[in-house]
Every structure is written in structure tokens, then in C-alpha cells.
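Down below is the structure, laid out as C-alpha cells.
The values are calculated or read from the model by the stated rules, or taken from the named source; none is laboratory data. This is a predicted model, so every value here is computed, not measured. Methodologically, a virtual Cβ is constructed for each residue, glycine included, from the backbone with ideal geometry; neighbour enumeration extends over all protein chains shown.
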Amino acid sequence: MKAVFDDRQRLHDPQHFMANGKTYPSPEAPERITRLMAGAQAAGCQFQSPEDAGLGPIAAIHSAEYLHFLRTIYPRWQRIPDAGPEVIPNIHPTARTDNYPKSAIGQAGYHQADTACPIGAQTWDAAYWSAQSAITGADLVAGGERAVYVLSRPPGHHAFADLAGGFCFLNNSAIAAERLRAKGLRPAILDVDVHHGNGTQGIFYARDDVLTVSLHADPDRFYPFFWGAAQERGEGRGMGCNLNLPLPRGTDDAGYLTALDTALARIDAFGADAVVVALGLDAHIDDPFKGLAVTTEGFGRIARAICGLGLPLVLVQEGGYVSDALADNLTAFLGGVS
């Protein structure tokens, strides 16, 4: 299987992650790349570098205002007296229609949803090449490849059109789906991360040309909390084009696969001719976030079920954090792709 990655994706090295009122080292560390690459290579993947398709495919998903913010906020932040080493917001608007301030502090609050997406000196470069990797993966599938693995890091599915969050800056899965759509395909996004793909849902919520489906731990007591409920079905033209399948904490392989059957039936009914899999491996029983209880063998079964659709796949890496099982989980999943 072909795989795509650019070494500049290692440049983003967040130092802070705040949760429960405490500051921890970020679990979204460059070490993830080393482990994921080993897992992909064990499954027979051959990596190549992405082409540079420019900002156009990224701007097809993200606003120009937001992209300007991501490209310029770090040097602006450093001009603040006694500024910290990373851009981390401490104040947020109550609505997207509130005032858009000139202040770097205010704009950080507007464009960063939480404290889990600190911006450092090289965050933009890493996010840009993560997105370019997803674009190249989509181009390969549009050109006839049956499945391509994209080691996108930093991940993307919590990023909205103008809002970072949850370790994510550019929504790689959404960018890949839009790239497929622009090439004449009818894509569905299947998000199997333990966390709901709230940014992806938000981007396509009023559209009927991309189906979004997410299996995830029930957000009533799990990040991202405010999105991911079963009643969220889309709006306007997009009504019925979003499917959320929230799962009880601790759901095992059998329960997950039952829900996956429902997801795959909806993708089939949508008439999709390509699938972007937002591939989170953090549903594993030993992942640090402890949301679900999928086993390593279970990831292989999930992959084989998805392949039952008979559709080409762009496998875009989302979550899955440093643990002894991370590489094996990816090997199991990719080994199940036929």
C-alpha cells in the first residue's frame, strides 16, 4: 500500500496540555510519528513525500481569515511583553458573530477552541504539510489507487473552518474529501476516532455532497462534549447527511462492529464512490484517553468490514496516542485493508 508523509510534520512539538485544571505534557507529540511509521511499514506500506498543491485545496475548507491567523499569529504573539513560548488562549467570544478584535490575544481566543492546540514557531509548517499529505493521498486514490495511508500529524478532525481545537489546526480529512469531490467523486467521511469529529461535522453540516459519519465515545461525559449526539443530523440541504453513533464508555469489539454495520449501511445508501477514513486508533483499550475498549485484533476486523463496501479508501491518520500498542494497532488495521 502507498503511504504519504512529510518529515516537516515533526516540527510541531507542543509543550503544554491543560486538562482538569492541571498542565501536562502534550500527548500529541512527535513520537507518535515514529511509532505510526513503524506500524505502517510493518504492514508493508511504502512511504512517499507529498506534492505541494498550494493553499487552494486548504482554502476550499478553511477561511482566508483563519489561514492568515495561523500563518502570522506566532510572531505577533512574541511581541506581547512577557509572552509565553506558545500561543494559548485565555478568553473566548460567546458567539462567532461577536467582535473580531485586532489583538493577538483576542484573535487567539476567537480561533482556538481550547488549551489543547497551542501554536509554536513551526506549527504552521507542520500543519501545512500534514494537509498536503492528505491532498496527495486523495489525488492518488482519485488516480486509481484502491487504498492509501496518510500519516497526517498534527491531526485534523477537531478543526472547524475557522477554529482550531483538540490538537487540530487544519482538517485533513475534510480537505481530502473536498479534493475527491472536486475531482468528480462522491465521498463519505467515516470517522472511527474515539472522539467525535466535531470540526468535520461543522464543515459539512449544511451540505449534501459529502456524507459525514462518526463512531465515538458518548460526548455527554467525553470530549468534545458539545457535539456528537445522535440527534445531530445536519441542517438545510445537509439534513440527513450527518450520522453520529455515540457509544457507551468501554464499548468492546463486538459492540463497535455492530455500530459500524449501521455506519456502513448509511455510506452505501448515500451512493458514495470513495471513503475518507478518519483513522483514530485511540479507541484502543490501552489508549491514554480510555474511552472505548477495542482490541488490536478488533482494528483488523474494523478494517475488513470497511473494505466490504468495495470502495477506494483514503486512510487519514487522526488520533491514537503514545502507548506500547500504537504501532501494532496500525499494523492490524492496515493489514485488514484489502
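Quick check on my filter: what residues within the range 306-322 are in contact (Cβ under 8 Å) with a residue 24 or more places away in the chain and either assigned to a loop (DSSP other than H, G, I, E, B) or more than 23 Å from ALA134 (Cβ to Cβ) (or both)?
To start, the set of residues in the range 306-322 that are in contact (Cβ under 8 Å) with a residue 24 or more places away in the chain comprises 306-309, 311-322.
The answer is GLY308, LEU309, LEU311, PRO312, GLU318, GLY319, GLY320, TYR321, VAL322.
For the range 66-82, how many residues meet the condition of being charged (D, E, K, R), farther than 17 Å from ALA131 by Cβ and touching a residue at least 12 places away in the same chain (Cβ under 8 Å)? Reasoning before the result, please.
If we filter the range 66-82 for residues that are charged (D, E, K, R), which is where we start, we get 71, 76, 79, 82.
This time we only want the ones that are farther than 17 Å from ALA131 by Cβ, so: 76, 79, 82.
Filter once more, so that each one left must be touching a residue at least 12 places away in the same chain (Cβ under 8 Å): 76, 79.
Within the range 66-82, residues that are charged (D, E, K, R), farther than 17 Å from ALA131 by Cβ and touching a residue at least 12 places away in the same chain (Cβ under 8 Å) number 2.
Within the range 39-56, is even one residue surrounded by fewer than 18 Cβ atoms within 10 Å (Cβ to Cβ), under 17 Å from the mean Cα position of the chain (by Cα) and in contact (Cβ under 8 Å) with a residue 40 or more places away in the chain?
Going residue by residue through the range 39-56, those that are surrounded by fewer than 18 Cβ atoms within 10 Å (Cβ to Cβ) are 41-42, 44, 46-49, 51-56.
Restricting the remaining residues to those that are under 17 Å from the mean Cα position of the chain (by Cα) gives none.
There is no residue in the range 39-56 that is surrounded by fewer than 18 Cβ atoms within 10 Å (Cβ to Cβ), under 17 Å from the mean Cα position of the chain (by Cα) and in contact (Cβ under 8 Å) with a residue 40 or more places away in the chain.
Which of (1) touching a Phe, Trp or Tyr at 6+ places or on another chain (Cβ under 9 Å); (2) closer than 30 Å to GLN9 by Cα; (3) not hydroxyl-bearing (Ser, Thr, Tyr) is the odd one out, the single condition ARG249 does not satisfy?
With respect to (1) touching a Phe, Trp or Tyr at 6+ places or on another chain (Cβ under 9 Å); (2) closer than 30 Å to GLN9 by Cα; (3) not hydroxyl-bearing (Ser, Thr, Tyr), ARG249 is out only on (2).
Do we find that GLY184 is in contact with a strand residue (DSSP E or B) (Cβ under 9 Å, 6 or more places away or on another chain) and either modelled with pLDDT under 95 or small (Gly, Ala, Ser) (or both) in this structure? Talk me through it step by step, then tell me what you get.
Values: in contact with a strand residue (DSSP E or B) (Cβ under 9 Å, 6 or more places away or on another chain): no; either modelled with pLDDT under 95 or small (Gly, Ala, Ser) (or both): yes.
Against the criterion (in contact with a strand residue (DSSP E or B) (Cβ under 9 Å, 6 or more places away or on another chain) and either modelled with pLDDT under 95 or small (Gly, Ala, Ser) (or both)), GLY184 does not qualify.
Could you please find all residues in the range 116-144 being part of a loop (DSSP other than H, G, I, E, B) and either crowded, with 22+ Cβ neighbours inside 10 Å or touching a Lys or Arg at 6+ places or on another chain (Cβ under 6 Å) (or both)?
Result: ALA116, CYS117, PRO118.
Scan ARG233, ARG249, ARG207 and give me the residue that is in contact with an Asp or Glu (Cβ under 8 Å, 6 or more places away or on another chain), over 20 Å from GLY165 (Cβ atoms) and either touching a residue at least 12 places away in the same chain (Cβ under 8 Å) or charged (D, E, K, R) (or both). If you could, list the steps in order and put the result at the bottom.
On the way: ARG233 fails: in contact with an Asp or Glu (Cβ under 8 Å, 6 or more places away or on another chain); ARG207 fails: in contact with an Asp or Glu (Cβ under 8 Å, 6 or more places away or on another chain).
Only one candidate passes the filter, namely ARG249.
Mind checking which pairs have a first residue in the range 167-183 that is under 21 Å from PRO118 (Cα atoms) and free of Cβ contacts under 8 Å to residues at least 24 places away in the same chain and a second that is β-branched (Val, Ile, Thr) and surrounded by fewer than 24 Cβ atoms within 10 Å (Cβ to Cβ), Cβ under 6 Å, 6 or more apart or different chains?
none
Just the residues that are touching a strand residue (DSSP E or B) at 6+ places or on another chain (Cβ under 6 Å), part of a loop (DSSP other than H, G, I, E, B) and closer than 16 Å to HIS12 by Cα, please, taken from the range 87-115.
Result: THR115, single match.
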